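Quick notes on the structure that follows.
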Amino acid sequence: AYRIRTHIIAHIACTAVDMQTKEVETCCRQAVERFHTVFGRNDKPTVGVFAPGRVNLIGEHTDYNGGCVLPMALHLVTVIIGRPSPGPSPSPSSPSTPVSGGVCRLATCATSSSITGQNNYCEFPVPDCPPDGDERIDTGDPEWAKYVKGVVALMNKGGRVPPFDAVIATTVPPGGGVSSSAALEVATCLFVEKLLQASAEMPLSFTDEEKKERALLCQNAEHRFAGVPCGIMDQFVCFMARENHALFIDCSNQEAEHVSLSNPDLVVLVTNSNYKHSHAGGEYANRRAGCFSAAKKLGKEFLKDVTREEVEAQKDQLEEEEYRYARHVVGE
């Protein structure tokens, strides 16, 4: 446990910040213990990565409307540890049944109650990379695994992703509005990158353009595999976050700039409302569609190009919900 924990902290270069060290250590301990429970005491994880949750300071529902957002990473993290699959082996769910070659085995430290009754273990063949497009792809239950399967599939061009055994541990609360899904997607992307790396001891390193490409891949995975038409904010900040900085993102051109938050007099207080929500539940998609519809009626491609005066002057052309959506986005 100490070795894999030290390996993660020493070698993750993408989203590491000092304040997250304790959270990473806690998740590592949980994940290593779960790994041994599921896959056996003699089996050792060789790869470890993490990605943070986030909170948005301003710009709610503006990312998919072409506007600007100002999120920052949290100390809460999602950790994935694992190894390339050693080949056919007994299934933990059915020890007498061997898992065929090319199968991924994935477990989470989450309890069934925290993931609304879903299984916390699953097996699946390495998914093929789908053709380009926007059609929804159903990979079956459990729901939480769809985010992992989606990222793995989109990274599997040319069949380059090997089967693996992995465990997920997180302190990012699911349904808490702090991007648990994006943290899982980005952690999965980093995990696969480490599996494909020639030397596991080398730190991951990406240019800004490479970070953007991978963030967009994670967004695409959420669109097509989880059925959530999210904007770019969550994946961008989970991939690009920097210690003591927020990330200003202009979603119209996908340009990002780090904004210092190092002023010692500045405190950001994040509170838990205990209101659980899910973007996959349909309300988010309905709001997005309503925003697009309002922009079209107002003669613009995106609501970012609409002024308050235009919203009020053409209020009668909008449905009540469209008006509320437009008023909110323009105000943000």
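For the residue pairs K211/K315; K22/K146; K44/K157; K146/K315; K157/K276, the alpha carbons lie more than 31 Å apart in K211/K315; K146/K315; K157/K276. Taken about its Cα centre, region 116-231 carries a charge dipole of about 80 debye when Lys and Arg each add +1 at the Cβ and Asp and Glu each add -1 at the Cβ. Projecting label points 7 angstrom from Cα along Cα→Cβ for Y275 and N263 puts them 2.8 nm apart.
Count Lys and Arg as plus one, Asp and Glu as minus one, and take only other residues whose Cβ is under 12 Å from that of P162; the net charge is then +2. For the listed peptides 286-292, 63-69, a ranking on the average number of other beta carbons within 10 Å per residue, highest first, reads 63-69, 286-292. Charge tally for L261 (other residues, Cβ to Cβ under 12 Å; Lys, Arg +1; Asp, Glu -1): -1. Working from label points 7 Å from Cα in the Cα-to-Cβ sense, the F206 to N253 distance is 2.2 nm. Each Lys or Arg adds one and each Asp or Glu takes one away; over the other residues whose Cβ falls under 11 Å from the Cβ of K146, this sums to -2. Note on C109: accessible area approximately 40 square angstrom, rounded to 10, probe 1.4 Å, nucleic acids and ligands left out. If only the Cβ of Lys and Arg carry +1 and only the Cβ of Asp and Glu carry -1, the dipole of region 152-292 around its Cα centre is close to 480 debye. Calculated FRET efficiency, E213 to H36, Cβ-Cβ distance, R0 = 41 Å: about 0.70 to the nearest 0.05.
Extension gain, L70 to D132, is 19.3 nm, computed as 0.36 nm per intervening residue step minus the present C-alpha separation. Each of the peptides 251-264, 216-229 was scored by the mean count of other Cβ atoms within 10 Å over its residues; in descending order, highest first, they stand as 216-229, 251-264. Look at where the Cα atoms of region 108-181 and of region 208-285 average out, and the two centres are 19 Å apart.
Can you pull the percent of region 109-246's accessible area that's carbon plus sulfur, 1.4 Å probe, other chains left in place?
Reported share for carbon and sulfur atoms: 49 percent.
The values are calculated or read from the model by the stated rules, or taken from the named source; none is laboratory data. Since this is a predicted model, take the numbers as computed values, not measurements. Here Cβ is always computed from backbone atoms with ideal geometry, including for glycine, and neighbour counts include all displayed protein chains. Ligands, DNA and RNA are stripped out before the accessible areas are found, and what is left, the full protein with its side chains, is counted by its heavy atoms. Shrake-Rupley method; radii C 1.70, N 1.55, O 1.52, S 1.80 Å.
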